[in-house]
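Note sheet for the following structure.
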Amino acid sequence: MARKLSRRALALHVATHLVDGKPQKKIAQQLAAYLIWTRRTKELSLIVRDIQFYLAEHGHIAGTVSSAHELSAATLKEIAAFAKAKTGAKYVSLDTAIDESLIGGIKLEVPGYELDSTIARQLTTLKTRYKKA
């Protein structure tokens with residue numbers, strides 16, 4: 001049976017291979033096989049978070065952009081440039097999500113930062129301010 005690695009050691013191993021340019025599919029398969037073999041599949045979300053942390057230390061960040069409507073390629077490029085400037089990362093990978101409840105604007109989430117400039121957030125802020133008055 002394979003030796004049980006700590007969650008952080010496992011995440012560091014995976015992040016190192018990703019930074020070195022090893023095939024992502026192969027790394028993912030190996031990680032999945034190890035977690036299944038050691039019966040640690042419930043730790044996957046924690047390991048992914050740790051991998052993202054180590055990748056961010058090496059200048060690679062992954063984030064999510066949520067909006068009410070589809071964003072153009074130019075807009076996504078500007079958001080990625082903004083994320084690079086804010087985090088100092090060399091590489092930014094953004095996933096997009098459509099959430100019609102946001103009404104308009106964008107919500108950007110990257111490790112350590114969150115920018116919420118959605119209309120839904122602004123309405124909630126106004127609602128909260130008027131309740132206090």
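The values are calculated or read from the model by the stated rules, or taken from the named source; none is laboratory data. Predicted, not measured: the structure shown is a model, and the values here were computed from it. All Cβ positions, glycine included, derive from the backbone under ideal geometry; neighbour counts span all protein chains shown.
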Item checked: Verdict on LEU46 being farther than 22 Å from TYR91 by Cβ and part of a helix (DSSP H, G or I) -> yes
Check: When you scan segment 23-46, how many residues do you find that are among the small types (Gly, Ala, Ser) and surrounded by fewer than 10 Cβ atoms within 10 Å (Cβ to Cβ)?
Finding: 1
Next item on the list: Quick one: which residue in GLY21, GLY59, GLY63 is touching a Phe, Trp or Tyr at 6+ places or on another chain (Cβ under 9 Å) and on the phi > 0 side of the Ramachandran plot?
Entry: GLY59
Notebook entry, point to check: Can you name the number of the only condition in (1) touching a helix residue (DSSP H, G or I) at 6+ places or on another chain (Cβ under 7 Å); (2) surrounded by 15 or more Cβ atoms within 10 Å (Cβ to Cβ); (3) β-branched (Val, Ile, Thr) that THR87 fails?
Noted result: (1)
Checklist line | Candidates ILE27, ILE79, ILE51, ILE36, filtered to the one that is in the same structural domain as LEU123 (by TED's automatic domain parsing) and part of a helix (DSSP H, G or I) | finding: ILE79
Checklist line | Residue list for segment 108-129, restricted to those being without any contact (Cβ under 8 Å) to a residue 12 or more places away in the chain, farther than 30 Å from ASP50 by Cα and surrounded by 12 or more Cβ atoms within 10 Å (Cβ to Cβ) | finding: THR124
Check: For segment 97-107, what are the residues that are surrounded by fewer than 14 Cβ atoms within 10 Å (Cβ to Cβ) and either in contact (Cβ under 8 Å) with a residue 60 or more places away in the chain or part of a strand (DSSP E or B) (or both)?
Finding: ALA97, ILE98
Note to self: What's the total number of residues in segment 1-44 that are of a type in the set (S, T, N, Q) and within 16 Å of GLU57 (Cβ to Cβ)?
What the structure shows: 1
Check: Looking only at segment 97-133, which residues are aromatic (Phe, Trp, Tyr) and within 17 Å of the chain's Cα centre (by Cα)?
Finding: TYR113
Item checked: Tally, over segment 108-128, of residues that are among the aromatic types (Phe, Trp, Tyr) and in a loop (DSSP other than H, G, I, E, B) -> 0
